[in-house]
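The structure under discussion appears below in the form of structure tokens.
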Amino acid sequence: MKFLCVECDRQMQFEERQLPGDGTLAAAFRCPTCGRVVALLTNPMETQLVASLGVKIGGSTLPPQPMETVRGMVATGRDDAFDDGGETGEVRGPIWSSEARERLARVPNFVRGMVKRIYLDYARDRGIDEITPAVMDTARTELGLEGM
Amino acid sequence: MPLNIRTYRDLTEADRSGLVDQIVAQRRRVADRLATVRRVVAVLSGKGGVGKSFVTAGLARALARSGRAAGVLDADFNGPTAPQLLHLPVASCTSHDDVIEPLVSAEGVRCFSMAFLVEDGHPLAFRGPDTESFVWRGALEASALREFLADVAWGALDELLVDLPPGVQRFQELTELLPAPPAVLAVTIPTPESRDAVRRALRAAIDRKATPLGVVENMVDGPFAGSAADELAAEFGIPVLARVPFHPRDDVWEDIARSAL
């Protein structure tokens, strides 16, 4: 998928991704010559198709987690399918606000360990000391974590 | 006057949305993970109910008993049976930094299966829009196969047996993901119906440059009449590796493992 600014005859460049949380996705592309920005808006089915391929429009600054697609997408997962005891960041790292902990607790157990690790890696990567719901929201959009 | 629009292939600037790079990285990860696997063997038939999983498990157990490192990737996501056939209780899979550990049977077979992940008695269901799931479900299952290959710590294996579901779609996905075409072991029952289905699957495998090792005829002393294995062997110039009775002795698998793998 590429975008062409027909007027300038230039390939537009990915600028920003937004996930409104309703299963849709917005990706903005800017023309490097005239600065015009267009947004690609995908419907839930199109968003799901892209996610099903295990890729993220705009990429991700963190490496993929093992079985990220399966863990993020399976709706009938066993609660005890994964033992995430070996995850990093349990001893030292950012702390969780009580609101963030509550929100994390609502994530299905099948995927919770992975989601927790992603937020910890994200916060550690950016020198964030406390994970709050606002940090989670920003991370979700920046990392393209639809549904997490 | 139509607009003068360059084509997709004309646009060659770096793709900052990163999709192509991500696909390349996915393929590289599969290749890296399987670098310690001597051979991938796809067990296929194209036909349901002929005993692919039964043969896969029997062979894997025989390989392990003979001291060879064997793994089973249960690629039948909607009807996974490998754990039961390997006598593997379902347990939590340990997740490390960038891998998931397979479960290991008492005989030493390393296995990964959707049965470890999906709630007992429930179908494999995905999150997503309720309508038109046919559009993305196939892509999701292909991604699951990729993650089973790339994200499981298979380690050093002599043989990784991939237990395929009926049909050829999963086999085609497998060959697209692997760095080189797999070897193929075909399983049939004696009937002409099975022969015809396996013929199609073998043809698909050969079209994809896979190497057929031979054909195993299962359930030969039962109610099924026919000579599917002999006919397939003659047609494709491959050996009949074994004829497996309904209630085989364990040494049947040792014989096949010796001759085929």
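The values are calculated or read from the model by the stated rules, or taken from the named source; none is laboratory data. No experiment lies behind these values; they were computed from the predicted model shown. Glycine gets a Cβ as well: all are built from the backbone with ideal geometry, and neighbour counts include every protein chain shown.
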Apart from one, (1) surrounded by fewer than 17 Cβ atoms within 10 Å (Cβ to Cβ); (2) modelled with pLDDT of 90 or more; (3) acidic (Asp, Glu) all hold for B:Asp74; the odd one out is (1)
Unmet criterion (only one of (1) buried (at least 20 other Cβ atoms within 10 Å of the Cβ); (2) more than 8 Å from every other protein chain (Cβ to nearest Cβ); (3) of a type in the set (D, E, K, R); (4) free of Cβ contacts under 8 Å to residues at least 40 places away in the same chain) for B:Asp163:
(4)
Can you say whether B:Ala62 is within 24 Å of B:Arg170 (Cα to Cα) and not in a loop (DSSP other than H, G, I, E, B), as far as the supplied structure shows?
no
Just checking, which of A:Glu142, A:Glu99 is over 17 Å from the mean Cα position of the chain (by Cα) and among the charged types (D, E, K, R)?
A:Glu99
Failed criterion for B:Arg38 (all others in (1) of a type outside the set (Val, Ile, Thr); (2) in a helix (DSSP H, G or I); (3) modelled with pLDDT of 95 or more hold)
(2)
Among B:Leu73, B:Leu88, B:Leu59, which is the only one that is free of Cβ contacts under 8 Å to residues at least 60 places away in the same chain, over 18 Å from A:Thr76 (Cα atoms) and aliphatic (A, V, I, L, M)?
B:Leu88
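Please verify whether segment A:84-103 includes one or more residues that are assigned to a strand (DSSP E or B) and modelled with pLDDT under 95.
Among the residues of segment A:84-103, at least one is assigned to a strand (DSSP E or B) and modelled with pLDDT under 95, which makes the answer yes.
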Scanning segment B:126-160 residue by residue, the ones that are surrounded by fewer than 22 Cβ atoms within 10 Å (Cβ to Cβ), more than 7 Å from chain A (Cβ to nearest Cβ) and among the β-branched types (Val, Ile, Thr) total 1
Would a scan of segment A:100-111 turn up a residue that is at positive phi and in the same structural domain as A:Leu145 (by TED's automatic domain parsing)?
no
Quick one: how many residues across segment B:6-27 are of a type in the set (Val, Ile, Thr), outside any helix (DSSP H, G or I) and within 25 Å of B:Ser143 (Cα to Cα)?
0
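Here is a yes/no grid of residues against (1) within 11 Å of chain B (Cβ to nearest Cβ); (2) modelled with pLDDT under 90; (3) not in a strand (DSSP E or B):
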residue	(1), (2), (3)
A:Glu7	yes, no, yes
A:Phe14	yes, no, no
A:Ala28	yes, no, no
A:Gly35	no, no, yes
A:Ala39	no, no, no
A:Thr47	yes, yes, yes
A:Ala51	yes, yes, yes
A:Gly54	yes, yes, yes
A:Gln65	yes, yes, yes
Are any residues in segment B:128-164 of a type outside the set (Gly, Ala, Ser), in a loop (DSSP other than H, G, I, E, B) and at pLDDT 95 or above, and if so, which ones?
B:Asp151, B:Trp154, B:Leu164
Please enumerate the residues belonging to segment B:206-255 that are among the polar types (S, T, N, Q) and either free of Cβ contacts under 8 Å to residues at least 60 places away in the same chain or touching a Lys or Arg at 6+ places or on another chain (Cβ under 6 Å) (or both).
B:Thr211, B:Ser227
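Yes or no, residue by residue, for (1) touching a Leu at 6+ places or on another chain (Cβ under 9 Å); (2) buried (at least 22 other Cβ atoms within 10 Å of the Cβ):
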residue: B:Pro83; (1), (2): yes, yes
residue: B:His87; (1), (2): no, no
residue: B:Asp98; (1), (2): no, no
residue: B:Ala106; (1), (2): yes, no
residue: B:Phe112; (1), (2): yes, yes
residue: B:Leu117; (1), (2): yes, yes
residue: B:Asp120; (1), (2): no, no
residue: B:Leu124; (1), (2): yes, yes
